[in-house]
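Everything on this sheet refers to the single structure shown next.
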Amino acid sequence: MSLAFNETSNVLQARAEHNEKLARRADRTRATWFPIVLLALLLAVPALQFVGNFNYVIHLILFTACYAVMASGWNILGGFTGYISLGHNVFFCIGGYFAGMLLARFGISTLLTAPLAGLVCAAVGYLIGRITLKTRGPSFIISSLALVMIARILFDNWHFVGGANGVALPANDLSVEWAKLPYYYAFVVLAALTVFISYKIKHSKFGLGLRAISKDEIKAESAGIDTRTYKTLAFAISAAFVGMAGAIWGEYLTYIRPNIFLIILVSVNMVLMCILGGKGTIAGPVIGAILIVAFNEIFVATLGSSEFNILATGLIMALALIFFPLGIVGTLAAKHRLPRFLNWD
Amino acid sequence: MLEIDNLSKHFGGIRAVDGCSFTVPKGSITALIGPNGAGKTTAFNCISRTTEPSAGKVLLEGQRIEHLRPHKITRMGLSRTFQISRNLADMTVLENVICQSRIGGWRDLFKPALGAEEVEKAMEILDFLGITRIAYEDGSNLSYGQKKLMDLAALLMSDPKIILLDEPAGGVNPTLLEEIIGHIQKLNEQGLTVLIVEHNMDLIMRLSHKIVVMAQGKVIADGKPEEVRENPAVLDAYLGGVLEEAA
Amino acid sequence: ADPLKIGASLPLTGGFSIAGQKHQQGYELCVDLINERGGIMGRQVELLVSDNRSDPATAINQYERFINVDGVEAVYGTFSSRLSFPVASILAKNNMVHPLPAGGALRIYTQGHKNIFYFQPNAAEYVGASLAGIIKDLIPEGETPKTAAVISADDFFANGVWSGLMGEKVMDPADGSLVRDLAPGYLAENNIEVVFSERWPEEGFSDWLNLANQVKRSGAELIIGLTASAEEAVQLTRALKTVRAEPKLVYFSQGTQAEYLEGTGSSAEGVLVHTSWHKDAPFQSTLAGEPFSNSDFVASYQEKFGAVPDEDAAIPFAVCQGIEQAILGAGSTDNEAMGKWLSERTRDEPVRTILGRFNWDELGLPADKPFLMTQWNDGELQFVYPTDEFEGVSALTYPKGSF
Amino acid sequence: MADIIQTLILGLALGGVFALMGSGLSLVFGVMRIVNLAHPVLIIAGAYVAYWGFRLYGIDPLMMLPVAIVILAAIGVVLYKLVFEREARSAKYSEMTVLLTFAIAMVVEGALGGFFSNTQRVTSPDYATDAIFIGDVFIPTGQLYAGILSLIIISVLALFLKYSSFGYAIRATTQNREAAELLGVNVNRVALVSFAIGIGLAGAAGCLVSFVFSFFPAKHWEWIAVLMSLVVLGGMGSLLGTVVASFLLSVIAAFVGTYVGATWSTMTFFLALFLILLVRPQGLFGEKPELA
Amino acid sequence: MSELLHVSNVTAGYGDGPAILDGAELRVEPGKVHCIIGPNGAGKSTLLKAICGMLKVRNGDVLYKGESLKGLRPDQVLRKGICFVPQERALFPKMTVRENMRMGGFSMSDKSGLEKRIDEIEELFPILKERRDQHAGTMSGGQQQTLAMARTMILKPDIVMLDEPSLGLAPKIVQEMFSIMKMMAAEGITILLVEQNALMGLKNSDQGVVLDLGRTLFSGPADDVLRDPRIQDLYLGGKKAA
Ligand SMILES: Nc1ncnc2c1ncn2[C@@H]1O[C@H](COP(=O)(O)OP(=O)(O)OP(=O)(O)O)[C@@H](O)[C@H]1O
Ligand SMILES: Nc1ncnc2c1ncn2[C@@H]1O[C@H](COP(=O)(O)OP(=O)(O)OP(=O)(O)O)[C@@H](O)[C@H]1O
Ligand SMILES: CC(C)C[C@H](N)C(=O)O
Ligand SMILES: [Mg+2]
Ligand SMILES: [Mg+2]
């Protein structure tokens, strides 16, 4: 067999063409208009109260927004940085108690103290991160689980804040149809803010560093990234968002008690929403939150009750994970089938 | 520029690096060679602090660095590649490369990840290495050689003062290698210091100003290429009869 | 006519599932019987039950859905103080009558909610009175236990009982204010010295043998185990048997259920448990305007579910009866009117349920209604105290001796 | 003194049970990198097998061991075929499995609840509430039997992994799936079998648990964190580590329970985990990771 | 010309990505050493993976002794007598050197001679004997490569496919390795290797193959490949190769 070409330049040219054929292109189809339209719609929803009683719709959106905040916040650590925490509800709890006790003792609404609660959580998160972020992978996951248990026992035995029995918080004075609105707006705005900030983080040097950490910490470190600071910072930021959500949630429920915050279902929900929607994506946590809340509602409404409810929830979760291993946004994007409006990255 | 003083690293009973001392003069291309398992990679790891040395000193421009965390060392201008290339999956090659670019202070942290200038610079480097087509490919979906090249690209991105290359030529096509050698020489002329580990003797002989030979964790020879290739100890321990053939 | 919708959110799964499912049975049975008898004011009752998975936030959520989406005209309460506490605020905000089947903690009632009505004998803090009564009334002087070990789950209800026994102050942690000062406590009043006391956490406790051993070592003659569930009662009983404890008297706050007997067998002998209901109590009540006795309840329950009911099914049944009577009394499902009617009940014109008569004080707690004390004897839960309420009281076995 | 010895015995007694509960978890993680959050609920499934054997036919729970192992191993096979086989090649495998197994835990819990109701159960063979008294000090017989059996089972397993040819294949597959495949290992079958063994261990643990603790479907949530901390503390995937950690922690917990307070005894597990991670992130018997 | 292995017009790629190999041809003759060269990313490793069953062959066929290997799993291909040492060293990092060697004989049905065979091979590679109980993952790059090579010799397969065997080896060891390879060839083992150390590879081979653009551009006697100036220019590093 002889050479299939004559001139070396032929090959070089053929190679250029061949490369062109195989090259993967940059993906630049982002739909920022969609989240903005969504936000505008959500801000208008309470107007429905003028024509009827839509308290439940408002409650559902509020609840979804609350989880969207937590899931997006979690995503900064779990999605970008690759540290799966099953213990983020600890910050939900700390935020809830911090702002809740200020409300109980001094009557300051949590809507005002939420940012402060966020800061407190960031500080606590920073300290805890300093310890637990030494471990990686499954060990980290489990240390986070242990964190919840420790927090649970401590809060259960802290009698100043009511121990296991918790504290009742005063409800606001608004009439039934308007009582939810302050919290509704707080959560919707907070969700928008969280999404916006995670978008900013993801596309910053900091975000790139976090993603590098999630893949190979040693490589990241030797690339000049201060991994320890980056990841504790990511931990603190994500704790702050979860904490702010906790602050408002406590007042909304008018009751704070360790096992409202510190049950595994809360932290798993955050994780699940991210994974289902697409870990490390911007839209993922929001979509995950919407879907999980919706599933929940559908099951409770249609199946009413019973073990079947748990079974079905688990089943949906398993199927989603099997068929969308990268989450809905992630998997569709990998297959180049992501509808445009879901690409917020 | 870089001074290694009595460096040791023990793993249990194995003395991977055993009281090793040598220097890398500023502006030079220094080669570190030696048989398999001599401790070259381990020495690299100690210098870049990916491994904690058991004893000894490492000085970069007169400053001791063996206690610093790796990113600090990198920020001081010392960058390295890995013998078995480590790359970041789920990130495009472009991101892999840009990830390595230098970050100034806090404020830089929140700048856009892929700044236009950086992308341009990165693309130039990729183009030079002939791997533009994989710029948006996932960092883990590469051939062995492409990974090595990507590593090299990342290194060039970081504007280092001194680079440590661990077998950069391994698995790279000879034709491309020629170009890379040329490039390294050019950078060197512009003032970059290079410490290189390689088994490709041809490359070492052509490139380096100084050769350090290690065996069993110790430096057994240190000098100009001409001197080292005549050294019987080196011939015996490392080269066999290869050199004659290649020359 | 449209069906009359009534909603109940219950812990059908999760930690409280055993009790929660029985509550569902109780509500269902009652609603079925009402519907068989023609419904309330000619309207069939439609019961909506949702599973809140023992989670307070979900419970709140579900009551809101009942009210805002399903348009229920009345609600039944949920199980346990933990869940009832937050639900109380939400129902108060929505001006619904809130009948509680199980929510014994005093603090639920001291928050100032109107329209809240407890359908059990009394608040947790006062349970100890019955135990004290037994010791005073049924045990010959000189043989009464002199020392006690008090061990308790860290549970809302159990903590309440603890406060009453030990004479603690009940505080509201929200503002640090005093809710009730219970000093000196039922034990001190009866000259019983507490030689050992300990609490175990709400979840995840497994060191029962160790705990039981310490109880035994303390040499206490009276063992008070404030268990939060039948499961804990089983664990504790088995552990006490293993370490061969030999107290004179044992009281648990949970353990009336068949599951308790199954898990402990003959070790249950002589164990006292308080209860709000007993199958042999000869209470007469009304259902759908017709007379309905406690034994009718036992019979119809057995017919429907093939088992003997326990208090976890009986209490919700009583709640359902109470709401029915309130609607009839108010003449409509106007919750304000229903609440008014209920709070106007008196000892002579009470609500009549299979738990007996109910009328409430201004807090929403039943007035003048003692707990029943039962004891496991010969594999049967026998009613032993108080002795003067009705016929058919069995004798107290004393001392208990070994397990 | 008697108090101290007694506390020690009680700690050890509980440790034996935890060791077996944790070992299946450890095996499945060690071999397949699956963090199996469904393990505790499968232990409960195993306990149900023992329970029904006891209740319907009066069979001693210890006699039900082989039955439970077989049944649970079969469940393991089904789970593997349905869920894990297709996931095994995914790069995100290890963390994916945390969530997948969480989902499975819910499905199993729901199914168990549906079949057996949420009522709490316990088997009561005579030895379950008996004890051997030596003077003032007693050894609870139920936990003694459970502990001895669990150590036997674990030892057999450890020997099997270390020396059998299949054990080699298992370890090889864990470390480098592709390489194992290239050397002629049918990696899917290896994964399948080892998963089945791990779940079979849950069945064995279930039998022992059935008379030591009472159980109901939702009970597994209480165990997850405790078992996980044992496994992490011992060093992920190290059988020996899990056993040592189980005994160590149970003993410490017993002392804390006696001398500090029952509330704090559970805390021991988690606090110890935290402290260990501080000084030895890889756990007691884990491999030291690369420099962090 | 009798051929042992025939890769005809094979198309293959990763996942549902583009076809990396597009019409690759390869004829492997028994008892000879074949060397594949080509630029980085040409698809050389991909070709070997496709042969051994790690990658699905989309089009075309792989015939071994006239039988198709398409659709077989790697462990099945191995049992047919084709042994593959991939480029990323296929070792078990947390097993000792000795255990790694034992794994090499995993597919043998009769394991009685295994230990002896390992001892024999260890004689050839003294470092392996010395480091017997060290975990493979902690060995130096070159040591790992040696181990991976040595391990394939346990089975005495029909065909050995080596992806850059000289990678990271000291010159002296490279020489040794090539002489071992020749030894194997002399014993009748057919060798198919991919080399970026192309000069060295071709000099020690009988047949040379150039793979580029996902296709086979040239195949013929190794000397011809070495001598062609265009190939020198494109793949061997230019003039100095001569
Ligand atoms: N983590 C470790 N544990 C034990 N021994 C180790 C470890 N890392 C390296 N070694 C040993 O230290 C010695 C030096 O290894 P090193 O990787 O530095 O060699 P090298 O000179 O880079 O060799 P090569 O040219 O083959 O890459 C080797 O004998 C190796 O087996
Ligand atoms: N796991 C993978 N997933 C997707 N694409 C891959 C993967 N591995 C390799 N590729 C692509 O296939 C092409 C060929 O890779 P291959 O490894 O066969 O090259 P090679 O000829 O062996 O190169 P080298 O000499 O650098 O080893 C590369 O361009 C690479 O982008
Ligand atoms: C009597 C019990 C059933 C009451 C319930 N445990 C509560 O929390 O109030
Ligand atoms: Mg090396
Ligand atoms: Mg290759």
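Mind counting the residues in region E:29-54 that are of a type in the set (A, V, I, L, M) and surrounded by fewer than 21 Cβ atoms within 10 Å (Cβ to Cβ)?
1
What number of residues in region A:45-75 are away from every other protein chain (no Cβ under 13 Å), within 18 Å of A:ILE290 (Cα to Cα) and either within 16 Å of ligand 4 (Cβ to nearest atom) or more than 20 Å from the chain's Cα centre (by Cα) (or both)?
Number of matching residues: 1.
Residues of region A:222-267 being more than 22 Å from A:LEU169 (Cα to Cα) and among the hydroxyl-bearing types (Ser, Thr, Tyr), which ones?
Passing the criteria: A:SER222, A:THR227, A:THR229, A:TYR230, A:THR232, A:SER238, A:SER267.
Six or more apart or on different chains, Cβ atoms under 7 Å: show the pairs whose first residue is in region D:249-264 and at the interface with another protein chain (Cβ under 10 Å from one of its Cβ atoms) and whose second is among the basic types (Lys, Arg) and buried (at least 22 other Cβ atoms within 10 Å of the Cβ).
Every condition considered, the pairs that remain are D:ALA262/C:ARG199; D:THR263/C:ARG199.
Given the conditions (1) within 14 Å of chain C (Cβ to nearest Cβ); (2) out of contact with any Pro (no Cβ under 7 Å at 6 or more places or on another chain), and given that A:ARG152 satisfies all but one, which numbered condition is not satisfied?
(2)
Just to confirm my filter: which strands (runs of 3 or more DSSP E) fall fully inside region C:134-213 and include at least 2 residues that are acidic (Asp, Glu)? Don't jump to the end; show me each part of the working.
Values: elements: C:147-153, C:169-172, C:177-181, C:193-200.
Where strands (runs of 3 or more DSSP E) fall fully within region C:134-213 and carry at least 2 residues being acidic (Asp, Glu), they are C:193-200.
So which strands (runs of 3 or more DSSP E) stay within region E:183-242 end to end and still have 2 or more residues that are away from chain B (no Cβ under 13 Å) and of a type in the set (Gly, Ala, Ser)?
E:215-221
For region E:122-180, enumerate the residues that are under 18 Å from B:ALA16 (Cα atoms) and assigned to a strand (DSSP E or B).
Once the filter is applied, which keeps residues that are under 18 Å from B:ALA16 (Cα atoms) and assigned to a strand (DSSP E or B), region E:122-180 yields only E:HIS135.
Out of region E:149-165, which residues are within 16 Å of ligand 2 (Cβ to nearest atom) and either more than 9 Å from every other protein chain (Cβ to nearest Cβ) or modelled with pLDDT under 90 (or both)?
Matches in region E:149-165: E:MET161, E:LEU162, E:PRO165.
Would you mention how many residues in region D:152-176 are more than 7 Å from chain E (Cβ to nearest Cβ) and either without any contact (Cβ under 8 Å) to a residue 40 or more places away in the chain or surrounded by fewer than 17 Cβ atoms within 10 Å (Cβ to Cβ) (or both)?
The qualifying residues number 12.
Let's see how each residue does on (1) free of Cβ contacts under 8 Å to residues at least 40 places away in the same chain; (2) over 22 Å from B:GLN185 (Cα atoms); (3) within 16 Å of ligand 2 (Cβ to nearest atom); (4) within 13 Å of chain E (Cβ to nearest Cβ):
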site	(1), (2), (3), (4)
B:THR23	yes, no, no, no
B:THR30	no, no, no, no
B:GLY39	no, yes, no, yes
B:PRO70	yes, yes, no, no
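Looking at A:LEU193, A:LEU174, A:LEU145, A:LEU154, which is the one that is in contact (Cβ under 8 Å) with a residue 60 or more places away in the chain and touching a helix residue (DSSP H, G or I) at 6+ places or on another chain (Cβ under 9 Å)?
The conditions single out A:LEU145.
When you scan region E:95-123, how many residues do you find that are loosely packed, with under 15 Cβ neighbours inside 10 Å and not acidic (Asp, Glu)?
Number of matching residues: 5.
The rows are residues; the columns are (1) more than 12 Å from every other protein chain (Cβ to nearest Cβ); (2) touching an Asp or Glu at 6+ places or on another chain (Cβ under 8 Å); (3) more than 20 Å from C:GLY331 (Cα to Cα); (4) buried (at least 19 other Cβ atoms within 10 Å of the Cβ).
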site: C:SER17; (1), (2), (3), (4): no, no, yes, yes
site: C:LEU29; (1), (2), (3), (4): yes, no, yes, yes
site: C:ASP32; (1), (2), (3), (4): yes, no, yes, no
site: C:MET41; (1), (2), (3), (4): yes, no, no, no
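Across region C:98-123, what is the total count of residues that are within 12 Å of chain A (Cβ to nearest Cβ) and in contact with a Leu (Cβ under 6 Å, 6 or more places away or on another chain)?
1
Could you say whether any residue in region A:164-178 is within 11 Å of chain C (Cβ to nearest Cβ), in a helix (DSSP H, G or I) and either closer than 19 Å to C:LEU83 by Cα or not acidic (Asp, Glu) (or both)?
Looking for residues that are within 11 Å of chain C (Cβ to nearest Cβ), in a helix (DSSP H, G or I) and either closer than 19 Å to C:LEU83 by Cα or not acidic (Asp, Glu) (or both), one finds at least one in region A:164-178, hence yes.
Test C:SER295 against the criterion of being in contact (Cβ under 8 Å) with a residue 24 or more places away in the chain, more than 16 Å from ligand 5 (Cβ to nearest atom) and of a type in the set (Gly, Ala, Ser), and give yes or no. Give the derivation first.
Working: in contact (Cβ under 8 Å) with a residue 24 or more places away in the chain: no; more than 16 Å from ligand 5 (Cβ to nearest atom): yes; of a type in the set (Gly, Ala, Ser): yes.
When the stated conditions are applied, C:SER295 does not pass them.
A quick yes/no check of all residues on (1) within 16 Å of ligand 4 (Cβ to nearest atom); (2) in contact with a Cys (Cβ under 6 Å, 6 or more places away or on another chain); (3) of a type outside the set (A, V, I, L, M, F, W, C):
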| position | (1), (2), (3) |
| --- | --- |
| E:LYS70 | no, no, yes |
| E:PRO74 | no, yes, yes |
| E:ARG79 | no, no, yes |
| E:LYS94 | no, no, yes |
| E:MET149 | no, no, no |
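Out of the residues in region E:11-28 meeting the condition of being of a type in the set (Gly, Ala, Ser) and away from ligand 5 (no atom under 16 Å from the Cβ), tell me which one is surrounded by the most Cβ atoms within 10 Å (Cβ to Cβ). Full working, then the answer.
Step one: filter region E:11-28 for residues of a type in the set (Gly, Ala, Ser), giving E:12-13, E:15, E:17, E:19, E:23-24.
Checking which are away from ligand 5 (no atom under 16 Å from the Cβ) leaves us with E:15, E:17, E:19, E:23.
Details: E:GLY15: 9, E:GLY17: 12, E:ALA19: 18, E:GLY23: 15.
Ranking the qualifying residues of region E:11-28, first place goes to E:ALA19.
Inside region C:154-193, can you point out the residues that are within 14 Å of chain A (Cβ to nearest Cβ), within 16 Å of ligand 3 (Cβ to nearest atom) and among the small types (Gly, Ala, Ser)?
Answer for region C:154-193, where residues must be within 14 Å of chain A (Cβ to nearest Cβ), within 16 Å of ligand 3 (Cβ to nearest atom) and among the small types (Gly, Ala, Ser): C:ALA158, C:GLY160, C:SER163.
Which one of these does E:GLY142 not meet: (1) modelled with pLDDT under 85; (2) in the same structural domain as E:ILE121 (by the TED database); (3) more than 16 Å from ligand 1 (Cβ to nearest atom); (4) of a type outside the set (S, T, N, Q)?
All conditions are met except number (3).
In the set B:SER101, B:SER85, which member is under 20 Å from the mean Cα position of the chain (by Cα) and within 16 Å of ligand 1 (Cβ to nearest atom)?
B:SER85
Give the residue, chosen from E:GLU164, E:GLU122, that is in contact with a Leu (Cβ under 9 Å, 6 or more places away or on another chain), acidic (Asp, Glu) and assigned by the TED database to the domain that holds E:VAL7.
Criteria check complete, one pass: E:GLU164.
With the checklist (1) away from chain A (no Cβ under 14 Å); (2) free of Cβ contacts under 8 Å to residues at least 60 places away in the same chain in hand, flag the one item C:VAL215 doesn't pass.
Going through (1) away from chain A (no Cβ under 14 Å); (2) free of Cβ contacts under 8 Å to residues at least 60 places away in the same chain one by one, C:VAL215 breaks only (2).
Conditions tested, residue by residue: (1) within 16 Å of ligand 4 (Cβ to nearest atom); (2) more than 8 Å from chain A (Cβ to nearest Cβ).
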{"residue": "B:ILE47", "(1), (2)": "yes, yes"}
{"residue": "B:THR50", "(1), (2)": "yes, no"}
{"residue": "B:GLN63", "(1), (2)": "no, yes"}
{"residue": "B:ARG80", "(1), (2)": "yes, no"}
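Just wondering, is there one or more residues in region C:238-247 that are away from ligand 4 (no atom under 16 Å from the Cβ), under 18 Å from the mean Cα position of the chain (by Cα) and surrounded by fewer than 24 Cβ atoms within 10 Å (Cβ to Cβ)?
Of the residues in region C:238-247, the ones away from ligand 4 (no atom under 16 Å from the Cβ) are C:238-247.
Checking which are under 18 Å from the mean Cα position of the chain (by Cα) leaves us with none.
No, because not a single residue in region C:238-247 is away from ligand 4 (no atom under 16 Å from the Cβ), under 18 Å from the mean Cα position of the chain (by Cα) and surrounded by fewer than 24 Cβ atoms within 10 Å (Cβ to Cβ).
Quick one: in region D:229-248, of everything that is in contact with a Pro (Cβ under 9 Å, 6 or more places away or on another chain) and part of a helix (DSSP H, G or I), which residue is nearest to the other protein chains (Cβ to nearest Cβ)?
D:VAL232
The values are calculated or read from the model by the stated rules, or taken from the named source; none is laboratory data. Every value quoted in this text rests on a predicted model; they were computed, and no experiment measured them. Positions of Cβ are backbone-derived with ideal geometry, glycine not excepted, and every protein chain shown enters the neighbour counts.
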